[in-house]
Structures are given as C-alpha cells and as structure tokens.
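Each reported figure results from applying straightforward, stated rules to the coordinates on display, with no laboratory input. Bear in mind that the values here come from a model prediction, so they are computed numbers and not experimental data. Positions of Cβ are generated from backbone atoms using ideal geometry, with glycine treated the same way; all protein chains shown enter the neighbour counts.
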Amino acid sequence: MRDSSQHRVGGGIDRNNRRVVIARCLLLIVLPVIGWLATFSPWQPFMQFSDKLRHIAAFFVLTGLIWQSWPAVPVYRRLLLMVALGLGLELVQTLTPTREFHLDDLAASAMGAIVFEGLRESYRRIYTLLTSSPSR
C-alpha cells in the first residue's frame, strides 16, 4: 500500500522533494544576486525608505527559500541564519568604497525574515484550524 503523503509527479520524484530541489536551485540564483546588489550596486542616500523595503523583501524571499529548502530546520535557527547573513552582508559593505555598515539595514533584513516566519506560522495555524474542525 502506498503512503498517501507521497504525491508522485512525473519522473518518480515526489512533490515534496521536487519542491525542495526547486527551492534550492532558486536559492543558488537568488543568494549571489542579493550578495552582488548588497555590495556592488551604488548606494542611493535619497532612497532610504525604499532601501529598507528592499531589505525586507529580499530577506522575506530568502527566508522562504531557506524554509522550502530545509523545512525541518527550526524557526529560531532560520532566523539566526538570516541575521548572520544580514550581518555578514553589512560587514562586507565596509570593505567597499561606496557602501557602509548600517544597523538599520540589518534591522530591516531581520524584519523581513521575521515577517515571513510570522505569516508562515499564522497560515499554518489557520490551515490547521480549518482542516481539523469537525464538519457539521
């Protein structure tokens, strides 16, 4: 008898494994792009607010890809990883002539990861509530 949690898709790869492979491939593309943008794109002081939104969006996406790539990793480890990545990017910026370390950028990056995890957990709880309640 086949386990109903295994949803096979073309090629014999189950849906969960396919999702992990796709997320990891996307991560291999997105990480260098974000790294390049964080270190080599010119700093634009007149766009401070949109810069924070870019940090939030980038780390929201990165956290989502990390979660899809390694779903068993606990939330606190993902958040620590994202803060470490944000700190690393900010420190690398100190080595470039056009960029500098900004604590508020690090905070915006952490906020992107926290927003993702908050929305993910909220969705999980709502989904569990809706699917586990007895029908009338």
Under 5 Å between amide hydrogens, which residues at least 5 positions from Asp14 or on another chain qualify, with H placed 1.01 Å from N in the peptide plane? Val9
Please give me, ordered by residue number, the trypsin sites (Lys or Arg not before Pro) of the range 54-128 that lie in loop per DSSP and have at most 11 other Cβ atoms within 10 Å. none
What shape does the range 8-132 take by its C-alpha gyration tensor, where a ≥ b ≥ c are the square roots of the eigenvalues and a/c under 1.5 counts as rounded, a/b above b/c as prolate, and the rest as oblate? prolate
Relative contact order of the range 8-132, pairs being alpha-carbon contacts under 8 Å that are 6 or more residues apart, as %: 32
Taking other Cβ within 10 Å of each residue's Cβ, how do Trp36, Trp70 sort, fewest first? Trp36, Trp70
